[in-house]
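Read-outs throughout are calculated quantities, based only on the coordinates presented, and are distinct from any laboratory measurement. All values reported here derive from a predicted model rather than from experimental measurement.
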């Protein structure tokens, strides 16, 4: 689970901080995507980094990972119900970015 801190901002950043997590969450908003689809949507991210960030988001309960018993295996990612509580933060980040582009 994520790190708890006496500072609420630090707690939030421990879950969605960094270069890639907000971008991943933006891509997954209202969508179910496979790993390869996410790779194509996020220029500059490596497979290793995407896998690591998805594991962390899954571990924090923000992203849900579903594995299908197929050959080849199919894995889909979506934002969990708990993860949707981050939408107001992501909306504010997007609005600020648009205003200051």
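Using only the alpha-carbon atoms, how far is helix 87-99 inclined from the longest principal axis of the chain? Give it as 0 to 90 degrees, nearest 10.
The answer is roughly 70 degrees.
Taking the Kirkwood radius as the inverse of the mean 1/r across Cα pairs, report the Rg/Rh of the range 20-99. Walk me through the numbers on the way to the answer.
Details: Rg = 12.9 Å, Rh = 13.1 Å.
Computed over Cα atoms, the ratio is 0.98.
State, to one decimal in nm², a quarter of the convex hull surface area for the C-alpha atoms of the range 1-56, i.e. the direction-averaged projected area.
With the hull built on Cα positions only, its mean projection is 4.2 nm².
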